[in-house]
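Working notes, beginning with the structure itself.
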Amino acid sequence: MISVIIPVFNTGKILNKCLISIVNQTYKDLEIILVNDCSTDKKTILLISEWVKKDSRIRLIDKSINEGVDKARFSAIQQVKGDFITFLDSDDWL
């Protein structure tokens, strides 16, 4: 299994493209961890909620304070289940 860690902070306008690009990969043994780093954008929060419900491979870590991308990634690393880890920013796509 590959764990894909995606820190998210107010990227609602482009997060959807990122997630579509991951879930549509031919390799399906994925764990996708979204780390919401205290987003305040309603569109971001709504998209995260919709994706967590839509795809069982997606898990959410909802941080209570904004600590930046490095700490967001580290909090996810501690919870991965995959044999391999990769990082993707929420404004990137595969």
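Some points to look at:
- Scanning region 73-93 for residues that are of a type in the set (S, T, N, Q) and modelled with pLDDT of 95 or more returns a single hit, THR86.
- Residue pairs meeting the criteria (Cβ under 9 Å; at least 6 apart or on separate chains; first more than 24 Å from GLY82 (Cβ to Cβ), in region 39-64; second basic (Lys, Arg) and at pLDDT below 95): ASP41/LYS13; LYS43/LYS13; THR44/LYS13
- Residues of region 1-40 that are in contact with a Leu (Cβ under 7 Å, 6 or more places away or on another chain) and either assigned to a strand (DSSP E or B) or open to solvent by less than 10 Å² (accessible area, probe 1.4 Å) (or both): ILE2, VAL4, ILE6, VAL8, GLY12, LEU15, CYS18, ILE22, LEU34, ASN36.
- Considering region 52-72, the residues that are open to solvent by less than 80 Å² (accessible area, probe 1.4 Å) and part of a helix (DSSP H, G or I) include one that is modelled with the lowest pLDDT, namely VAL69.
- Applying the set (1) hydroxyl-bearing (Ser, Thr, Tyr); (2) open to solvent by less than 80 Å² (accessible area, probe 1.4 Å); (3) not in a helix (DSSP H, G or I) to SER75 leaves exactly one unmet item: (3).
The values are calculated or read from the model by the stated rules, or taken from the named source; none is laboratory data. This one's a predicted model, so the numbers in the text were calculated from it and none came from an experiment. Neighbour counts run over all protein chains shown; Cβ positions are idealised from the backbone, glycine included. Remember, those area values only see protein heavy atoms, side chains included, never the ligands or the DNA or RNA. Shrake-Rupley method; radii C 1.70, N 1.55, O 1.52, S 1.80 Å.
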